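What follows is calculated from the coordinates using simple rules that are stated; it is not laboratory data. This one's a predicted model, so the numbers in the text were calculated from it and none came from an experiment. So basically every Cβ, Gly included, is an ideal-geometry build from the backbone, and we count neighbours across all protein chains shown.
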């Protein structure tokens with residue numbers, strides 16, 4: 001596993017831990033602002049993980065696809081990137 005993927009995995013694990021904490025906070029009827037702050041932290045971790053995954057994909061899979069002569073594969077890879085970007089920005 002690359003260092004980049006290890007960092008991504010760490011972010012996912014931190015987000016997972018925080019989500020568990022948020023669930024407990026909601027169940028305990030804790031202060032809404034405190035819950036929202038934790039939720040914002042999870043969102044930040046997930047956005048960061050998404051960015052790291054995208055960078056890794058562009059620097060590996062996408063780069064290899066663009067170096068081939070297979071125009072169909074190049075178009076498919078481009079469409080995948082556009083689809084993921086569109087979904088992320090919703």
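What tally of residues in segment 1-56 results from selecting those that are in contact with a helix residue (DSSP H, G or I) (Cβ under 8 Å, 6 or more places away or on another chain) and part of a helix (DSSP H, G or I)? So the answer is 30. Just one of the listed residues (42, 19) is within 16 Å of the chain's Cα centre (by Cα) and closer than 30 Å to residue 79 by Cβ, and it is 42. Examine segment 70-78 for a residue that is assigned to a helix (DSSP H, G or I), at negative phi, surrounded by fewer than 11 Cβ atoms within 10 Å (Cβ to Cβ) and out of contact with any strand residue (DSSP E or B) (no Cβ under 8 Å at 6 or more places or on another chain), and state whether such a residue exists. Within segment 70-78 (the criterion being assigned to a helix (DSSP H, G or I), at negative phi, surrounded by fewer than 11 Cβ atoms within 10 Å (Cβ to Cβ) and out of contact with any strand residue (DSSP E or B) (no Cβ under 8 Å at 6 or more places or on another chain)), the answer is yes, since at least one residue qualifies. Can you find a residue in segment 62-84 that is free of Cβ contacts under 8 Å to residues at least 24 places away in the same chain and within 30 Å of residue 22 (Cβ to Cβ)? Yes: one or more hits.
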